[in-house]
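Coordinate-derived values only; no laboratory data. Predicted model only: the values in this text are computed from it and were never measured. For neighbour counting, all protein chains shown are included, and Cβ atoms are generated from backbone atoms with ideal geometry for every residue, glycine included.
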Amino acid sequence: MSKFKKNKGRELPAINTSALPDIVFMLLFFFMVATKMRDPTVLVKTALPVVSEVEKIEKKSWVNHILVGPPINKEKSGTAPRIQFDDKFGTVEGATGVQAYIILKKNEHPEAIRDYLTTAIKADKSVKMGMIQDIKQELRKINSLKLLYSASEGEVDE
Amino acid sequence: MARKSRKIPEINAGSMADIAFLLLVFFLVTTTMDQQKGLRVQLPPFPDPTIPPPVVEQNDRNVLEVLVNSGDQLLVERKPLRIDQLTELTKRHIQNEGRLPNFSDSAQAAIVSLKNDRGTSVKRYVQVYNELIRAYNEAREEYSKNKFGRSFKDLPQKGEQAEEVRKKYPMKISEAEPVEYK
């Protein structure tokens with residue numbers, strides 16, 4: 001018994017928390033840098049196919065996105081797959097078409113890197129290739145030849 | 001003079017951590033960690049209508065014809081195939097080096113031609129593409145292991161050795177011009 005009593009009298013030393021703000025600030029800066037503030041409102045559903053041999057794109061700002069999939073708001077936009085650029089629905093051809101969008105995006109970058117810009121086609125796995133093929137043809141017409149089929153990494157599902 | 005001797009009161013930094021925590025939580029919640037991942041593809045340039053397409057003498061044995069129909073079924077060299085057999089067959093094609101008569105002459109000459117129907121689903125197309133890339137990656141990996149005793153991934157990517165491996169197995173996957181299949 002006496003062994004236990006001895007310990008009772010002793011006080012635990014207070015933990016020094018003066019370094020806590022430093023740790024928190026470190027985390028804070030990490031998340032500040034990693035955060036991308038504005039995500040365009042997603043109007044179409046894009047469940048990506050899962051494959052094993054994916055490549056990561058290093059320069060995120062050099063990627064332009066084209067989303068293809070069935071609209072999320074079925075009542076308003078129907079169920080047929082549609083194309084989305086930034087915040088709006090688009091079409092394959094014409095003033096709101098692929099060519100117009102990619103040229104607009106290209107002009108935001110200095111001329112020297114325009115050839116390195118990649119177009120990422122983020123297509124829902126249920127979309128038919130006909131639509132993707134039309135987009136591909138449009139991209140070829142404006143000589144925008146770097147393409148990425150967006151996919152998630154993992155074991156190939158059946 | 002009396003003013004100078006006055007001491008500035010120390011700022012209490014005790015709540016600094018709280019403020020930082022608040023900001024931290026805000027950024028934690030708003031962060032999206034999406035990564036750009038996918039299969040990288042180089043499209044062929046659009047054919048100029050004023051210039052007739054060049055006639056390419058391509059030996060039939062060097063071209064592995066892969067066809068995906070609107071029912072997402074696979075036809076390789078006019079024979080049906082399961083998708084899990086595709087990597088193996090593609091590897092045999094590019095590593096043939098002229099041994100079997102119906103596969104390629106050499107790895108450099110080997111071409112994989114991927115054709116699809118307008119009704120093929122994106123999922124199956126990407127999967128098939130993935131299998132083809134996997135075949136090339138595995139062939140490169142084996143070559144790199146045999147030649148340099150190191151995995152292709154561990155070679156310096158801009159170095160001569162990696163360049164040699166890439167030259168040995170150039171990834172020639174051609175996405176054909178769209179065709180309507182009846």
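Summary of computed values
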| read-out | value |
| --- | --- |
| Listed residues B:THR50, B:GLN36, B:PHE21: farthest to the positive end of the dipole of chain B (Cβ charges) | B:PHE21 |
| Dipole in debye (nearest 20) - the protein assembly as shown, about Cα centre, beta carbon charges: Lys, Arg +1; Asp, Glu -1 | 1720 |
| Residues A:ILE66, B:ILE8, A:ILE57, A:ILE113 arranged by fewest to most Cβ contacts within 10 Å | B:ILE8, A:ILE113, A:ILE57, A:ILE66 |
| A:THR96, A:THR41 arranged by Cβ crowding within 10 Å, fewest neighbours leading | A:THR41, A:THR96 |
| Cross-link pairs B:LYS79/B:LYS147; A:LYS122/B:LYS115; A:LYS141/B:LYS167; B:LYS115/B:LYS147 - those with Cα-Cα distance over 25 Å | B:LYS79/B:LYS147; A:LYS141/B:LYS167; B:LYS115/B:LYS147 |
| Relative contact order (%) - criterion: Cα under 8 Å, at least six apart; region: chain B | 20 |
| DSSP-defined antiparallel bridges as percent of all bridges, segment A:50-153, nearest 5 | 35 |
| Restraint check, A:LYS74/B:LYS123; A:LYS59/B:LYS168; A:LYS88/A:LYS125; A:LYS60/A:LYS106; A:LYS76/B:LYS37, Cα-Cα greater than 25 Å | A:LYS59/B:LYS168; A:LYS76/B:LYS37 |
| At least 20 Å along the helix axis (C-alpha) and Kyte average at least -0.5, DSSP helices within chain A | A:20-34 |
| Selected from A:ALA95, A:PRO81, A:THR17, residue furthest toward positive end of dipole (chain A; charges at beta carbon) | A:THR17 |
| Segment A:50-153, dipole about Cα centre (Lys/Arg Cβ +1, Asp/Glu Cβ -1), debye to the nearest 20 | 140 |
| Residues A:ASN107 and B:ASN59, FRET efficiency given R0 of 56 Å [Cβ-Cβ distance, rounded to 0.05] | 0.80 |
